[in-house]
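Asks: The structure that follows is given in the form of structure tokens.
The values are calculated or read from the model by the stated rules, or taken from the named source; none is laboratory data. Values in this document were obtained by computation on a predicted structure and should not be read as measured data. Neighbour counts are summed over all protein chains in view; Cβ atoms, including those assigned to glycine, are modelled from backbone coordinates with ideal geometry.
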Amino acid sequence: MPSRKPGDIYTFQQHLLDMQREHPTATGEFSWLLSGITLATKVISSYVRRAGLINVWGEAGENPDEQPVNIQGEVQQKLDVLANETLKRTLGYRGNVGIVASEEDNDPRVLQEVGRQGKYVVMFDPLDGSSNIDSNVSVGTIFTILARPEWERHTDHSVLQRGLQQLGAGYVVYGSSTVLVYTTGHAVHMYTLDPQYGAYLLTRENIKIPEYSPQYSVNEAYVETFPEPYQKYLQWAKNQNGEACSSRYIGSLVADFHRILLKGGIFLYPPTKKNPEGKLRLMYEANPLAFIADAAGGKATDGKGNILEIQPNNLHQRTPLIIGSKKNVEQVMKFVSEHETVAVKK
Ligand code: P6P
């Protein structure tokens, strides 16, 4: 890879091509697919940044009494629909995406019949945290890319793969700037959208999550309904040997995770009374972020084991999610295993 000097304009596409050159077998098809995703996120970013100026705030339905609700049972925001359609349209033109699946759609959509063309599956949460849009809180797009086995004729079998099988995963956080974080499982890189050029420029390379940070991210309103080990962990975290411990919770998963990726700490969404299986979705939220966390030296668990090893049985299945710095996650798991040991002895 050519040596770069500070201030060089080094785009995501150039970085992809340089990484591709390091893999002689690379065909460029993956890069072509990714350019479809980055194009879509530039369009979404333009909508998000003008949300107050163009009519894209609020719910998608015209009639307040007839709001469209997605498969998750959530009222769709206008921007949810715009982001979803934008991603499907740009991916549809790539010619090598066989199946797309979205948080906003009940079922996966087959774009190409089985064969050499439709060799990829792309799944995404087009605009995570969209209910925060109207209050100008950061939101994000989360995506994952899987191989579609040429022999596989069943859509579900192509889609319901474990997180370990991801070829690539990333997110874009629409915050004070628009930032893309992406990995193919080895190194995690960060790119910032420069509106002047309309290009993502490399801003951080080989990101590693700090091994530990005294900071946790959880919705404290639900603590009383968390399983006991998580309640005990949070009590401990607040009083660990008098060391200062801070709490940060934005309520937008991509924004909370991005902070943890750069500064360390831990995000917890354990089972609650309202969501006994956890609230976050395995396929297009937990798995992509776990893939990134793993590549950056962090950890992600559902409270039982490695999130990436879960064999999914439903596109929209939910999971508890504990993700972040390696040592922080290990601390939580210590409370969980101690609780299980006591339970077994009883
Ligand atoms: P709660 C947003 O709706 C979301 O799916 C994630 O982005 C976020 O982490 C979580 O829900 C917040 O959930 O129950 O704390 O409002």
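Asks: What tally of residues in the stretch 237-269 results from selecting those that are crowded, with 21+ Cβ neighbours inside 10 Å, touching a residue at least 40 places away in the same chain (Cβ under 8 Å) and within 11 Å of the ligand (Cβ to nearest atom)?
Replies: The total comes to 8.
Asks: Moving on. Does at least one position in the stretch 26-33 carry a residue that is surrounded by 14 or more Cβ atoms within 10 Å (Cβ to Cβ), out of contact with any strand residue (DSSP E or B) (no Cβ under 8 Å at 6 or more places or on another chain), more than 20 Å from Phe12 (Cβ to Cβ) and at pLDDT below 80?
Replies: No, the stretch 26-33 has no match at all.
Asks: Could you say whether any residue in the stretch 215-226 is free of Cβ contacts under 8 Å to residues at least 40 places away in the same chain, within 14 Å of the ligand (Cβ to nearest atom), in contact with a Ser or Thr (Cβ under 7 Å, 6 or more places away or on another chain) and outside the structural domain of Gln117 (by TED's automatic domain parsing)?
Replies: Checking the stretch 215-226: not a single residue is free of Cβ contacts under 8 Å to residues at least 40 places away in the same chain, within 14 Å of the ligand (Cβ to nearest atom), in contact with a Ser or Thr (Cβ under 7 Å, 6 or more places away or on another chain) and outside the structural domain of Gln117 (by TED's automatic domain parsing).
Results for (1) assigned to a strand (DSSP E or B); (2) crowded, with 23+ Cβ neighbours inside 10 Å, shown as yes or no for each residue.
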| site | (1), (2) |
| --- | --- |
| Leu201 | yes, no |
| Asn206 | no, no |
| Ser213 | no, no |
| Glu224 | no, no |
| Pro229 | no, no |
| Pro271 | no, no |
| Lys274 | no, no |
| Glu285 | no, yes |
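Asks: I need the full set of residues from the stretch 138-160 which are within 16 Å of the ligand (Cβ to nearest atom) and either without any contact (Cβ under 8 Å) to a residue 40 or more places away in the chain or over 13 Å from the mean Cα position of the chain (by Cα) (or both), in order please.
Replies: Selection gives Ser138 alone.
Asks: Give the number of residues within the stretch 127-159 that are in a strand (DSSP E or B) and out of contact with any strand residue (DSSP E or B) (no Cβ under 6 Å at 6 or more places or on another chain).
Replies: Initial filter on the stretch 127-159 (in a strand (DSSP E or B)): 127-128, 139-147.
Applying the additional criterion that residues be out of contact with any strand residue (DSSP E or B) (no Cβ under 6 Å at 6 or more places or on another chain) yields 147.
Residues meeting the conditions: 1.
Asks: I want to confirm something. Restricting to the stretch 177-190 and keeping residues that are at pLDDT 95 or above and more than 14 Å from Leu261 (Cα to Cα), which single residue is surrounded by the most Cβ atoms within 10 Å (Cβ to Cβ)?
Replies: Thr178
Asks: Can you name the residue in the stretch 120-137 that is of a type in the set (Gly, Ala, Ser) and near the ligand (Cβ under 10 Å from one of its atoms) and is also surrounded by the most Cβ atoms within 10 Å (Cβ to Cβ) among such residues? Talk me through it step by step, then tell me what you get.
Replies: Keep residues of the stretch 120-137 that are of a type in the set (Gly, Ala, Ser), which gives 129-131, 135.
Applying the additional criterion that residues be near the ligand (Cβ under 10 Å from one of its atoms) yields 129-131.
On the way: Gly129: 20, Ser130: 23, Ser131: 17.
For the stretch 120-137, the residue satisfying everything is Ser130.
Asks: For the stretch 166-177: of the residues being in contact with a Phe, Trp or Tyr (Cβ under 8 Å, 6 or more places away or on another chain) and in a strand (DSSP E or B), which is farthest from the ligand (Cβ to nearest atom)? Talk me through it step by step, then tell me what you get.
Replies: So the first thing to find is which residues in the stretch 166-177 are in contact with a Phe, Trp or Tyr (Cβ under 8 Å, 6 or more places away or on another chain), and the list is 166-171.
Of the ones still in play, those that are also in a strand (DSSP E or B) are 168-171.
Working: Gly168: 21, Ala169: 16, Gly170: 16, Tyr171: 11 Å.
Step by step, filter the stretch 166-177, then rank; the result is Gly168.
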